1. Among the residues of the range 60-82, which ones are assigned to a loop (DSSP other than H, G, I, E, B) and closer than 14 Å to Y10 by Cβ?
2. Tell me which residues, restricted to the range 59-95, are among the polar types (S, T, N, Q) and either crowded, with 16+ Cβ neighbours inside 10 Å or at positive phi (or both).
3. Taking the range 46-59 on its own, how many of its residues are out of contact with any Leu (no Cβ under 6 Å at 6 or more places or on another chain) and not in a loop (DSSP other than H, G, I, E, B)?
4. Mind checking which residues of the range 83-103 are part of a helix (DSSP H, G or I) and without any contact (Cβ under 8 Å) to a residue 12 or more places away in the chain?
5. Within the range 24-37, can you find the residues that are within 18 Å of L98 (Cβ to Cβ) and at pLDDT below 95?
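The values are calculated or read from the model by the stated rules, or taken from the named source; none is laboratory data. Everything quoted here is computed from the prediction, not taken from an experiment. Heads up, the Cβs are rebuilt from the backbone with ideal geometry, glycines too, and the neighbour counts pull from every protein chain shown.
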Amino acid sequence: MLAIADTQTYSLPVPMRLVADTRAEFRLAALEALEKAAQQGVRDFILELSSTLQVDASGLGILVLIEKRARERGMRTVLQQPGAELRHLLDVTRLDYLFRILQ
């Protein structure tokens with residue numbers, strides 16, 4: 001999993017399917033990347049979702065966990081290019097307020 005960092009942002013690609021089968025691997029990679037970003041003093045932790053086609057409840061749970069950990073470290077979680085399914089899921093669960101969303 002490739003992460004791109006600069007002085008203010010850290011970008012992590014999210015897999016095509018963020019579902020029960022893929023959540024454990026992504027969770028581990030994301031939390032490791034989050035710690036690296038925090039150590040570098042990054043402000044925005046960006047989850048790049050342009051290739052993500054499917055997110056289920058367990059995937060949404062991972063996104064919320066990442067947001068919580070980022071906030072604890074003084075960082076903001078940004079969802080970049082989330083698909084319509086994820087935007088709808090965030091809307092119905094009323095969790096959209098947790099994230100900055102970039103189209």
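1. Listed by number, the residues that qualify are R73, G74, M75.
2. Once the filter is applied, which keeps residues that are among the polar types (S, T, N, Q) and either crowded, with 16+ Cβ neighbours inside 10 Å or at positive phi (or both), the range 59-95 yields T77, Q80, Q81.
3. 5
4. If the condition is that a residue be part of a helix (DSSP H, G or I) and without any contact (Cβ under 8 Å) to a residue 12 or more places away in the chain, then A84, H88, D91, V92, D96, Y97 are the ones that fit.
5. Across the range 24-37, the qualifying residue is only A37.
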